[in-house]
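Read the structure below first, then the notes.
The values are calculated or read from the model by the stated rules, or taken from the named source; none is laboratory data. This is a predicted model, so every value here is computed, not measured. Methodologically, a virtual Cβ is constructed for each residue, glycine included, from the backbone with ideal geometry; neighbour enumeration extends over all protein chains shown.
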Amino acid sequence: MPDPDDRQGHDRPQPVDLAHADELLHHHTELPETRISRVLDAGLVLIGKGASWLWLVVVAIIIYAVVGRYAFGQGSVTLEEWQWHIAGAAWLLGLAYTLCADEHVRVDVIHERLSLRAQGWIEFFGLLLLLLPFLAIGIYETVPYAHSSFLQGERSQAPAGLENRWILKAILSLSFVLLAIGAISRLLKVTALLFGLPRPIKTQTTGDR
């Protein structure tokens with residue numbers, strides 16, 4: 001007769017391997033570095049880490065607004081707009097850092113099973129034919145968008161709303177530029193892997209996996 005305790009043990013959910021799950025979500029393509037890509041990445045990392053501190057400002061504003069509204073009955077449209085303006089700026093300025101650090105979520109069960117050179121070819125065509133053209137269009141469209149907002153002196157339509165709405169729109173344009181720089185940096189790493197140009201200065205993996 002089977003032991004009831006054993007049967008119950010089989011019915012229990014098995015623990016999730018968090019390390020393996022994170023590896024599937026954040027799969028890194030081990031690309032060599034070049035002198036130019038290292039300089040570009042350093043600048044993007046500096047901007048990204050600086051932008052990350054804006055989230056503390058967002059949290060502080062939210063706490064202040066909530067206490068003011070529910071403890072003292074004083075709501076503020078200005079504070080509400082500050083929240084999403086700063087949150088939007090922090091998110092936009094951090095996009096390029098995510099790209100250069102290869103920390104964006106990517107679930108691809110085929111990609112991770114390919115050799116390093118095969119992954120490099122996928123990155124090469126993806127950057128050259130998809131990402132960079134998209135970013136070029138984004139820059140082309142958003143720079144006049146921000147400039148028009150500046151010329152019009154655009155401000156929030158809400159009472160007591162913020163002025164200088166062009167600043168956030170300019171940050172949108174800047175985020176596309178930073179992403180383009182990150183994409184170029186990554187493309188240089190890919191060409192260093194595939195063609196040896198520019199010459200890699202630090203190769204993490206020299207052969208196919």
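Name the single residue that is modelled with the lowest pLDDT among those in region 162-209 being of a type in the set (D, E, K, R) and under 22 Å from Leu31 (Cβ atoms). Among those residues, the one meeting the criterion is Arg209. Per this entry, Leu99 is not counted among residues that are modelled with pLDDT of 95 or more, under 19 Å from Leu188 (Cβ atoms) and surrounded by 15 or more Cβ atoms within 10 Å (Cβ to Cβ).
One residue stands out among those in region 34-72 that are farther than 23 Å from Leu93 by Cα and touching a residue at least 60 places away in the same chain (Cβ under 8 Å): the one that is surrounded by the fewest Cβ atoms within 10 Å (Cβ to Cβ), which is Arg35. Given the options Ala146, Ala158, Ala118, name the one that is small (Gly, Ala, Ser), surrounded by 12 or more Cβ atoms within 10 Å (Cβ to Cβ) and closer than 24 Å to Trp82 by Cβ. Being small (Gly, Ala, Ser), surrounded by 12 or more Cβ atoms within 10 Å (Cβ to Cβ) and closer than 24 Å to Trp82 by Cβ holds for just one of Ala146, Ala158, Ala118, which is Ala146.
Conditions (1) β-branched (Val, Ile, Thr); (2) touching a His at 6+ places or on another chain (Cβ under 6 Å); (3) closer than 30 Å to Val77 by Cα, marked per residue:
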| position | (1), (2), (3) |
| --- | --- |
| Ala101 | no, no, no |
| Val109 | yes, no, no |
| Arg117 | no, no, no |
| Leu129 | no, no, no |
| Glu163 | no, no, yes |
| Ala170 | no, no, yes |
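Just to be sure, is Phe176 within 28 Å of Glu80 (Cβ to Cβ) and touching a residue at least 40 places away in the same chain (Cβ under 8 Å)? Yes. Scanning for something more than 30 Å from Glu112 (Cα to Cα) and exposed (fewer than 14 other Cβ atoms within 10 Å of the Cβ), does region 161-169 turn up at least one residue? Scanning region 161-169 turns up at least one residue that is more than 30 Å from Glu112 (Cα to Cα) and exposed (fewer than 14 other Cβ atoms within 10 Å of the Cβ).
Restricting attention to region 100-154, the residues that are closer than 18 Å to Leu178 by Cα and of a type in the set (D, E, K, R) add up to 3.
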